[in-house]
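> I'd like to ask some things about the structure below.
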Amino acid sequence: MKKAITIFVIVAVTCLLTWRFVQSDNHETSMPAVDESQVILAEYKWNDTAYQISLADLNAAIAELPVYRQQNYDNRADKAEYLGELIEERLKILRATDDGFDILPEHVKKLEDYTHQLMVEKLTEAEVDAKIIYTDEDLMAHYQANLSEFVEEAKVRAICITLEEEDLAYETLDAIKAGKDLVEMAKELSEAGKLGSGPGTNQDDPGNTYLFSKGASARWSEFIDAVFEMEIGELTDAVFETEVNDTIFYLIFRKEEHQPERQQEFEEVKDDIKRTVEREKKRARINEWVTEISEKGKLKTYPENIPEPPQPEEVETEASQESDE
């Protein structure tokens, strides 16, 4: 036979019982560590060549998996299951090699392209990433030179009741003016399912808009502008009507809080600055590096030799000539 295969998969109970992990299922820390490369889990032959899979091989294969998958193989039964998958994969590779799939031109080209990609990545790490140096002084200098970029916008917060029924809105306002607490009214309307979809309609905290800036929502700009113009503690003296996406909403709100615009401290934005400075320095280093290798390669370019694409009328002319022939 062209292919002779014998497999001895040692995943029986007797083998599993010989696995002696320092962090075993019973957490016995007194057990001595073993050489995992000597714990053989599978043996097989393919075309008279013998192969083995050790415990070290299995653990190494699992370690190469994404973290979320590694978590699926944290006990003996799961590891034994993955051993079967690993054996199956290796046997398929051997069979594919026998059939010559390892030397197909398209496969070789893909392998070459991937190898080149890895080579460039490693070279970039050495020539760019490893040569990026900056200090806290550099970060502070960037901060000082770009203070306007680190300004936190002014924000406001309100208690707002948003309704879609006009009559209910006026009844609600009358009740509030008569002494009904705005927050309690928002809760009652929320529990009754009468609040519309808009500011202050969070079911977990009815009425509370939380802090928002001037540019929080273009659709609710009329409401936002009105809140910013109010004084803290001021309540709308009439039902506030606004149209959003062809729907009229009726709002009653009180301004609760106003946080003025402020300059953010360096420590607040240090991480953002670090990413920006690192990105800028990488870009500069890449440009410098490209210049270096271009000079070393005595690069010459001839962009004028790139032909102009044919104009639409020329394409039409050629097509008509071909049809005539």
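> Which aspartates and glutamates, on any chain, are close to residue 177 with Cα under 12 Å apart, when same-chain ones fewer than 8 places away are left out?
237
> Could you tell me the relative contact order of the chain? Use alpha-carbon pairs under 8 Å, at least six residues apart, and round to a whole percent.
Once normalised by length, the contact order is 15 percent.
> By a straight-distance test (C-alpha under 28 Å), which lysines pair with residue 270 as possible cross-link partners, with residues fewer than eight away in the same chain excluded?
Straight-distance partners of residue 270: 131, 155, 214, 281, 282.
> GNM, the chain, Cα, under 10 Å: largest mean-square fluctuation among 70, 264, 203?
In the Gaussian network model the winner is 70.
> A further question follows. Computed from the coordinates I sent, Kirkwood radius over Cα pairs in Å equals one of (i) 29.5; (ii) 20.2; (iii) 21.6. Tell me the label.
Among (i) 29.5; (ii) 20.2; (iii) 21.6, the one calculated here is (i).
> Okay, moving on. Connecting C-alpha atoms closer than 10 Å in a GNM of the chain, tell me which of 243, 304, 257 has the biggest fluctuation.
304
> Given the -39500 (n - 2.57) contribution per DSSP H run of 4+ residues, what per-residue ellipticity at 222 nm results for the chain, rounded to the nearest 500 deg cm²/dmol?
Calculated mean residue ellipticity at 222 nm is -14500 deg cm²/dmol.
> Could you check which residue among 307, 105, 260 shows the biggest mean-square fluctuation in a GNM of the chain with a 10 Å Cα cutoff?
307
> Within segment 106-128, name every residue whose backbone N is under 13 Å away from a label modeled 7 Å from Cα of residue 281 along the Cβ vector.
Under cut-off, by backbone N: 128.
> Further question: Angle, helix 182-191 long axis vs. longest principal axis of the chain, Cα atoms, 0 to 90°, nearest 10?
The two axes meet at around 50 degrees.
> Continuing with the same structure: Specify whether the C-alpha gyration tensor of segment 106-214 places it in the rounded, prolate or oblate class, a ≥ b ≥ c being the square roots of the eigenvalues: rounded for a/c under 1.5, otherwise prolate if a/b is larger than b/c and oblate if not.
Because a/c hits 1.5 or more and a/b fails to exceed b/c, segment 106-214 counts as oblate.
Taken together, the values in this text are just the output of simple stated rules run on the coordinates, not laboratory data. What you see is a predicted model; the values in this text were computed from it and never measured. Glycine gets a Cβ as well: all are built from the backbone with ideal geometry, and neighbour counts include every protein chain shown.
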